[in-house]
Amino acid sequence: MSNQNTIEQLRQQLNEYAYHYYVLDDPITSDSQYDDLYKQLLALEKQHPHLITTDSPTQRVADKPLDGFKQIKHEIPMLSLGNVFSSTELVEFDKRLLDLAQLNAIEYSAEPKLDGLAVSIVYLDGKLFQAATRGDGTIGEDITANIKTIKAIPLHLRGKNYPAKLEVRGEVIMTKSGFDNYNKQAEIKGEKTFANPRNAAAGSLRQLDPRKTAKRPLMFYAYSIGVISDELSFSTHIDTLNWIKTLGIPVNNLNQQVIGASGCQEFHQMIGQLRDTLNYDIDGVVYKVNNLALQKKLGFVTKSPRWATAHKYPAQEATTTIENIDVQVGRTGSITPVARLNPVVVGGVTVTNATLHNEDEIRRKDVRIGDTVFVRRAGDVIPEVVKVVLQKRPKNSKKFKMPTHCPVCDTKLHRIEGEAVLRCPAGLFCDAQRKHAIKHFASRKALNIDGLGDKLIDLMVDNGLVKTPAGLFHLEKNELISLERMAEKSANNVLISIENSKHTSFDKFIYALGIREVGEATALTLAQQLKTIDRITNATTEELEQLPDIGPIVAKRITQFVQDKHNLLVIDELIKAGITWDEIQTPTADEQPLLGKTIVLTGSLSQYTRATAKDKLIQLGAKVAGSISKNTDLLVAGEKAGSKLAKAETLGVEVRDEAWLVSL
Ligand code: IVH
């Protein structure tokens, strides 16, 4: 084969891989295989520089910084969108269009509203020619060199059926995981950090040195077309997007066709639930009339189309000031610094505290009392301080020093080597840990004691009524009634709940003990495998490590727990107080369809976190391993699976996707 042919074949292969990875979301090769081919191409092009073309995958990164950005006038202005903020306003929007169109129902394309930067990308004869920011909608900046570094954007359109000129519009975003990594590295290096993925994406695109942009984890999704030289042969927006996808340009896979305001509302709710699990920020959803002829008929108001609107979600971050910093003692004695904030609404709720994680983190972010900070709250996650606004730092800002002694029990704090956190070693002798232990014991997944809430437990401990979980079973009615706001009836109810909780299952009992690193799945394994409490308290780390899914760390935590005489005493007292459980049944094949199977997880999952997926697999009887070997029975591959997937394929290991896991 001639060099030219080899080079062309390599390029085609690399483009094909990128298309499967970015557009179809279904990789067909490992990163290392891609890199190998890329290196081969690079070497050949070096030998034969005259064969280099501007759309070769090796030509993404220009080797010089720009002097500045040229201005570019958009042939067709880039508009913005109107907003609706409630379902009432959504119904009004739909009604207005129904009246104008004289129809009974309107079909919409419902799409996530990506929180990044709008860009326009022009292809001439299939080649990426020019890219620009939205700017003021009429004039934007020439960011071609930077856009070319984004691997998800093809330098050459796929296939042969593209118009001579095509302008694709869409959003450049930074992934959340990429953003977190970027900020962490920047903090370590003392470089500028970003407040959120959107600012990071914007900053990356407005970078004069494309070599820097190339290192940022950016992604692109197209949402419409601008200028096109040929007449479009499609009658709907969704068909147009599907066609764009065939040209090798990513289109968001959550886009959906819906009917009427109710369809839009359902979509808004569905995406709202997914929001926190997505690896990119969205700030709402967009509804667009799907029929292109109807779009044309409806036309525009001043700066936005009449046929589309955005439906926002509450913002997930806000700025506020830090009034104070103090520390909290966790269930396992971990000492977490917490910022006490000037109250601020984030993600729809008022936030007064935000975690600062640990001392290293405070130092890296250089957070001080008095600072103005960006606070982020995503879903149920604890609000956190993302970034300090240094320009707003007051002269009298105060550095925070971690305490040397536990703020609750005054025991000297420990920092275990290699761990970032400081701990109070007092265990159940520390009132804070005592409260946590009892709360954990009473919680839903443990003994599930109804009506025994956090506030009541705090009161009980503060008044010395209970010292350990076992103490709950010796509570007396007059003691309870003596507590603030505790009437006889509620006291009775609490006592009945406590009594009712005495009969439980063995795995719940083990989980309720609150052994570090022992979650529900591990508790179940211990219960099923060891069957009695004596075998658990007598097991050595070596024996424990033999059990499915128990590694050295978990094994050590379990033996550490039972070596503490005080813990054994509590277990004894609990059993004496009358806690019982049914003999643990060996699960049936029906309940554990994956019994005996060794499974590996890879790639990113959209429905579960890694930990939940692992727990589910274990509950179904599987053993979850970290790496692929010839003993692996099955690989569950999420999105963007890489080397593990490739290895599974070479070893002939069965591969399943996330949908399969969900279906189980
Ligand atoms: S359509 C004429 N679709 O939202 C309407 N925009 O407020 C053109 N955006 O500047 C926009 N996701 O940056 C559209 N699926 C989506 C979008 C989207 C995010 C952004 C875009 C635009 C802004 C409008």
Margin query: Among the residues in region 82-100, are any within 16 Å of the ligand (Cβ to nearest atom), surrounded by fewer than 19 Cβ atoms within 10 Å (Cβ to Cβ), closer than 29 Å to Asp230 by Cβ and modelled with pLDDT under 95?
Written below: no
Item checked: Failed condition for Thr29, given (1) loosely packed, with under 12 Cβ neighbours inside 10 Å; (2) away from the ligand (no atom under 16 Å from the Cβ) -> (1)
Item checked: Flag for Gln71 being away from the ligand (no atom under 16 Å from the Cβ), touching a strand residue (DSSP E or B) at 6+ places or on another chain (Cβ under 8 Å) and not aliphatic (A, V, I, L, M) -> yes
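Out of the residues in region 287-304 meeting the condition of being part of a strand (DSSP E or B) and under 20 Å from Phe267 (Cα atoms), tell me which one is farthest from the ligand (Cβ to nearest atom).
Residues of region 287-304 part of a strand (DSSP E or B): 287-289, 291, 300-301, 304.
Next, only the ones that are under 20 Å from Phe267 (Cα atoms) stay: 287-289, 291.
Details: Tyr287: 10, Lys288: 7, Val289: 11, Asn291: 16 Å.
Filtering region 287-304 for residues that are part of a strand (DSSP E or B) and under 20 Å from Phe267 (Cα atoms), the one farthest from the ligand (Cβ to nearest atom) comes out as Asn291.
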Margin query: When you scan region 471-490, do you find a residue that is modelled with pLDDT of 95 or more, of a type in the set (A, V, I, L, M) and not in a loop (DSSP other than H, G, I, E, B), even just one?
Written below: yes
Note to self: For region 331-338, check the following and say yes or no: at least one residue is in contact with a helix residue (DSSP H, G or I) (Cβ under 6 Å, 6 or more places away or on another chain), farther than 30 Å from Asp431 by Cβ and of a type outside the set (S, T, N, Q).
What the structure shows: no
Note to self: Looking only at region 370-388, how many residues end up being over 30 Å from Ala426 (Cα atoms) and either surrounded by 15 or more Cβ atoms within 10 Å (Cβ to Cβ) or modelled with pLDDT of 95 or more (or both)?
What the structure shows: 12
Next item on the list: Determine if region 305-317 includes at least one residue that is away from the ligand (no atom under 16 Å from the Cβ), surrounded by 19 or more Cβ atoms within 10 Å (Cβ to Cβ) and either within 30 Å of Thr468 (Cα to Cα) or not small (Gly, Ala, Ser) (or both).
Entry: yes
Notebook entry, point to check: In this structure, is Arg376 closer than 30 Å to Tyr182 by Cβ, touching a helix residue (DSSP H, G or I) at 6+ places or on another chain (Cβ under 6 Å) and not acidic (Asp, Glu)?
Noted result: no
Check: Has region 295-305 got at least one residue that is hydrophobic (A, V, I, L, M, F, W, C), under 25 Å from Lys176 (Cα atoms) and in contact (Cβ under 8 Å) with a residue 40 or more places away in the chain?
Finding: no
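Residues checked against (1) in contact (Cβ under 8 Å) with a residue 12 or more places away in the chain; (2) under 29 Å from the mean Cα position of the chain (by Cα); (3) surrounded by fewer than 17 Cβ atoms within 10 Å (Cβ to Cβ):
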{"site": "Leu524", "(1), (2), (3)": "yes, yes, no"}
{"site": "Ala527", "(1), (2), (3)": "yes, no, no"}
{"site": "Pro552", "(1), (2), (3)": "no, yes, yes"}
{"site": "Lys556", "(1), (2), (3)": "yes, no, yes"}
{"site": "Gln563", "(1), (2), (3)": "no, no, yes"}
{"site": "Gln585", "(1), (2), (3)": "no, no, yes"}
{"site": "Val600", "(1), (2), (3)": "yes, yes, no"}
{"site": "Gly603", "(1), (2), (3)": "yes, yes, no"}
{"site": "Ser606", "(1), (2), (3)": "yes, yes, yes"}
Check: Within the set of pairs 6+ apart or on separate chains, which have a first residue in region 157-176 that is under 17 Å from Pro250 (Cβ atoms) and hydroxyl-bearing (Ser, Thr, Tyr), a second that is assigned to a loop (DSSP other than H, G, I, E, B) and within 14 Å of the ligand (Cβ to nearest atom), and C-beta atoms under 6 Å apart?
Finding: Thr175/Tyr280
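Restricting attention to region 625-643, report how many residues are in a loop (DSSP other than H, G, I, E, B), of a type in the set (A, V, I, L, M, F, W, C) and more than 24 Å from Ala152 (Cα to Cα). Give the derivation first.
We begin by selecting, within region 625-643, every residue in a loop (DSSP other than H, G, I, E, B); these are 626-633, 638, 640-642.
Add one more test, that the residue is of a type in the set (A, V, I, L, M, F, W, C), and what stays is 628, 641.
Narrowing the set further to residues that are more than 24 Å from Ala152 (Cα to Cα) leaves 628.
Residues meeting the conditions: 1.
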Next item on the list: Considering (1) touching a Leu at 6+ places or on another chain (Cβ under 7 Å); (2) surrounded by 20 or more Cβ atoms within 10 Å (Cβ to Cβ); (3) assigned to a loop (DSSP other than H, G, I, E, B), say which one Thr149 fails and leave the rest.
Entry: (1)
Note to self: I'm trying to understand the selection: among the residues of region 429-456, which are in a loop (DSSP other than H, G, I, E, B), out of contact with any His (no Cβ under 8 Å at 6 or more places or on another chain) and over 15 Å from Ser490 (Cα atoms)?
What the structure shows: Cys430, Ser443, Arg444, Lys445, Leu447, Asn448
Next item on the list: Spot the failing condition for Ala622; the list is (1) surrounded by 16 or more Cβ atoms within 10 Å (Cβ to Cβ); (2) of a type in the set (A, V, I, L, M, F, W, C); (3) without any contact (Cβ under 8 Å) to a residue 40 or more places away in the chain; (4) more than 27 Å from Asp507 (Cα to Cα), and only one is missed.
Entry: (4)
Next item on the list: Might you check whether a residue that is more than 28 Å from the chain's Cα centre (by Cα), part of a strand (DSSP E or B), within 16 Å of the ligand (Cβ to nearest atom) and modelled with pLDDT of 95 or more occurs anywhere in region 259-280?
Entry: no
Notebook entry, point to check: Of the numbered conditions (1) away from the ligand (no atom under 16 Å from the Cβ); (2) surrounded by 13 or more Cβ atoms within 10 Å (Cβ to Cβ); (3) among the polar types (S, T, N, Q), Thr54 satisfies every one except a single condition; which is it?
Noted result: (2)
Check: Does Asn253 satisfy being surrounded by fewer than 21 Cβ atoms within 10 Å (Cβ to Cβ), within 21 Å of the chain's Cα centre (by Cα) and either part of a loop (DSSP other than H, G, I, E, B) or within 15 Å of the ligand (Cβ to nearest atom) (or both)?
Finding: yes
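The values are calculated or read from the model by the stated rules, or taken from the named source; none is laboratory data. These numbers were taken from a predicted model, which means no experiment stands behind them. All Cβ positions, even for glycine, are placed from backbone atoms using ideal geometry, and neighbour counts span all protein chains on display.
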